[in-house]
1. Does N87 satisfy the criteria of being exposed (fewer than 11 other Cβ atoms within 10 Å of the Cβ) and within 23 Å of V134 (Cβ to Cβ)?
2. Could you list, in sequence order, the residues of region 14-55 that are modelled with pLDDT of 85 or more and farther than 30 Å from Y83 by Cα?
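The values are calculated or read from the model by the stated rules, or taken from the named source; none is laboratory data. Computed from a predicted structure; not experimentally measured. When we count neighbours, we look across all protein chains shown, and the Cβ atoms used for this are built from the backbone with ideal geometry, even at glycine.
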Amino acid sequence: MAKNKSPHLTERQAEASVRRFVNHSGNLLVEGFHLLGLFAIGASTVWAAVATFWAMVGRGQAPIEDLLLLFIYLEIGAMVGIYFKTNRMPVRFLIYIAITAVTRHVVVVVTTHKAPEMETLLTAGAILILALAVVALRFGSYYLPSASTGERYFKADLDRQ
(Lines give C-alpha, C1' and ligand atoms only; values in the text may rest on other atoms or scores of the structure.)
Protein backbone atom coordinates (compact mmCIF):
# COMPACT_ATOMS: atom_id res chain seq x y z
CA MET A 1 0.00 0.00 0.00
CA ALA A 2 1.45 3.40 -0.98
CA LYS A 3 1.89 5.97 1.73
CA ASN A 4 -0.23 9.04 1.35
CA LYS A 5 2.00 12.10 1.65
CA SER A 6 0.34 14.88 3.51
CA PRO A 7 0.57 18.34 1.94
CA HIS A 8 1.13 19.73 5.42
CA LEU A 9 4.63 20.23 6.79
CA THR A 10 5.65 18.30 9.82
CA GLU A 11 6.66 20.23 12.89
CA ARG A 12 10.32 19.38 12.31
CA GLN A 13 10.18 20.54 8.68
CA ALA A 14 8.49 23.79 9.69
CA GLU A 15 11.09 24.40 12.36
CA ALA A 16 13.92 23.75 9.88
CA SER A 17 12.29 26.10 7.37
CA VAL A 18 11.96 28.89 9.95
CA ARG A 19 15.55 28.32 11.07
CA ARG A 20 16.84 28.62 7.47
CA PHE A 21 14.82 31.82 6.99
CA VAL A 22 16.13 33.36 10.22
CA ASN A 23 19.73 32.38 9.42
CA HIS A 24 19.46 33.77 5.90
CA SER A 25 17.87 37.00 7.16
CA GLY A 26 20.51 37.37 9.88
CA ASN A 27 23.32 36.84 7.38
CA LEU A 28 21.83 39.48 5.07
CA LEU A 29 21.52 41.97 7.94
CA VAL A 30 25.10 41.36 9.09
CA GLU A 31 26.42 41.69 5.53
CA GLY A 32 24.41 44.87 5.00
CA PHE A 33 25.70 46.37 8.25
CA HIS A 34 29.24 45.38 7.26
CA LEU A 35 28.96 47.09 3.88
CA LEU A 36 27.33 50.18 5.38
CA GLY A 37 30.14 50.41 7.95
CA LEU A 38 32.80 50.03 5.25
CA PHE A 39 31.19 52.74 3.14
CA ALA A 40 31.04 55.02 6.20
CA ILE A 41 34.72 54.38 7.00
CA GLY A 42 35.72 54.90 3.37
CA ALA A 43 33.71 58.12 3.03
CA SER A 44 35.02 59.45 6.35
CA THR A 45 38.58 58.67 5.32
CA VAL A 46 38.18 60.54 2.03
CA TRP A 47 36.55 63.45 3.83
CA ALA A 48 39.34 63.64 6.44
CA ALA A 49 42.06 63.37 3.77
CA VAL A 50 40.50 66.15 1.69
CA ALA A 51 40.10 68.35 4.78
CA THR A 52 43.74 67.77 5.75
CA PHE A 53 44.89 68.52 2.22
CA TRP A 54 42.88 71.75 2.02
CA ALA A 55 44.17 72.81 5.44
CA MET A 56 47.74 72.37 4.13
CA VAL A 57 46.88 74.37 1.01
CA GLY A 58 45.31 77.08 3.18
CA ARG A 59 48.45 77.31 5.34
CA GLY A 60 50.68 77.35 2.30
CA GLN A 61 52.93 74.62 3.67
CA ALA A 62 52.95 70.84 4.05
CA PRO A 63 54.49 69.85 7.38
CA ILE A 64 55.73 66.29 7.73
CA GLU A 65 53.05 65.54 10.36
CA ASP A 66 50.29 66.27 7.83
CA LEU A 67 52.02 64.27 5.10
CA LEU A 68 52.26 61.28 7.44
CA LEU A 69 48.60 61.76 8.31
CA LEU A 70 47.78 61.59 4.59
CA PHE A 71 49.74 58.32 4.41
CA ILE A 72 47.61 56.97 7.26
CA TYR A 73 44.46 57.94 5.34
CA LEU A 74 45.88 56.27 2.24
CA GLU A 75 46.51 53.01 4.11
CA ILE A 76 43.03 53.06 5.63
CA GLY A 77 41.55 53.60 2.17
CA ALA A 78 43.63 50.77 0.74
CA MET A 79 42.58 48.49 3.57
CA VAL A 80 38.88 49.23 2.95
CA GLY A 81 39.37 48.69 -0.80
CA ILE A 82 41.12 45.37 -0.26
CA TYR A 83 38.35 44.24 2.06
CA PHE A 84 35.74 45.08 -0.60
CA LYS A 85 37.65 43.10 -3.22
CA THR A 86 38.70 40.07 -1.19
CA ASN A 87 36.36 40.03 1.83
CA ARG A 88 39.45 39.64 4.04
CA MET A 89 40.95 42.13 6.44
CA PRO A 90 44.65 42.64 5.71
CA VAL A 91 46.21 42.74 9.18
CA ARG A 92 49.51 43.97 7.73
CA PHE A 93 47.83 47.22 6.70
CA LEU A 94 46.77 47.83 10.30
CA ILE A 95 50.39 47.39 11.35
CA TYR A 96 51.54 49.77 8.58
CA ILE A 97 49.03 52.31 9.89
CA ALA A 98 50.39 51.83 13.42
CA ILE A 99 53.98 52.26 12.20
CA THR A 100 53.04 55.47 10.40
CA ALA A 101 51.12 56.76 13.43
CA VAL A 102 54.03 56.06 15.79
CA THR A 103 56.43 57.65 13.30
CA ARG A 104 54.17 60.71 13.18
CA HIS A 105 54.23 60.78 16.99
CA VAL A 106 58.05 60.65 16.97
CA VAL A 107 58.18 63.59 14.56
CA VAL A 108 55.84 65.62 16.78
CA VAL A 109 57.81 64.74 19.94
CA VAL A 110 61.17 65.56 18.36
CA THR A 111 59.97 68.88 16.97
CA THR A 112 58.17 70.05 20.14
CA HIS A 113 60.29 68.80 23.06
CA LYS A 114 63.71 70.09 23.97
CA ALA A 115 65.15 66.75 25.16
CA PRO A 116 62.94 63.83 24.06
CA GLU A 117 65.63 61.14 24.32
CA MET A 118 63.81 58.41 26.33
CA GLU A 119 60.43 58.86 24.64
CA THR A 120 62.13 58.80 21.24
CA LEU A 121 63.92 55.57 22.12
CA LEU A 122 60.72 53.94 23.37
CA THR A 123 58.75 54.91 20.28
CA ALA A 124 61.59 53.74 18.04
CA GLY A 125 61.42 50.42 19.89
CA ALA A 126 57.68 50.30 19.23
CA ILE A 127 58.34 50.84 15.51
CA LEU A 128 60.90 48.03 15.57
CA ILE A 129 58.43 45.66 17.26
CA LEU A 130 55.74 46.54 14.70
CA ALA A 131 58.20 46.00 11.84
CA LEU A 132 59.12 42.60 13.28
CA ALA A 133 55.41 41.77 13.47
CA VAL A 134 55.11 42.50 9.73
CA VAL A 135 58.11 40.24 9.05
CA ALA A 136 56.55 37.49 11.19
CA LEU A 137 53.24 37.80 9.31
CA ARG A 138 54.98 37.68 5.93
CA PHE A 139 57.09 34.72 7.02
CA GLY A 140 54.05 32.91 8.34
CA SER A 141 51.94 33.52 5.24
CA TYR A 142 54.77 32.27 3.02
CA TYR A 143 55.81 29.18 4.97
CA LEU A 144 52.44 28.42 6.57
CA PRO A 145 49.74 29.29 4.01
CA SER A 146 46.14 29.14 5.14
CA ALA A 147 44.37 25.80 5.06
CA SER A 148 41.56 27.31 2.97
CA THR A 149 43.85 27.52 -0.06
CA GLY A 150 44.27 23.77 -0.10
CA GLU A 151 48.04 24.10 -0.13
CA ARG A 152 50.39 22.24 2.14
CA TYR A 153 51.33 23.88 5.39
CA PHE A 154 55.10 23.85 5.22
CA LYS A 155 57.30 25.10 2.39
CA ALA A 156 59.56 22.07 2.94
CA ASP A 157 56.59 19.85 2.00
CA LEU A 158 56.23 21.75 -1.25
CA ASP A 159 59.94 21.33 -2.04
CA ARG A 160 59.71 17.54 -1.70
CA GLN A 161 57.27 17.20 -4.57
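1. yes
2. E15, A16, S17, V18
Matching residues to (1) of a type outside the set (A, V, I, L, M, F, W, C); (2) loosely packed, with under 11 Cβ neighbours inside 10 Å; (3) in contact with a Lys or Arg (Cβ under 8 Å, 6 or more places away or on another chain):
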| residue | (1), (2), (3) |
| --- | --- |
| T10 | yes, yes, no |
| V18 | no, yes, no |
| G32 | yes, yes, no |
| W47 | no, no, no |
| F53 | no, no, no |
| A62 | no, no, no |
| L70 | no, no, no |
| E75 | yes, no, no |
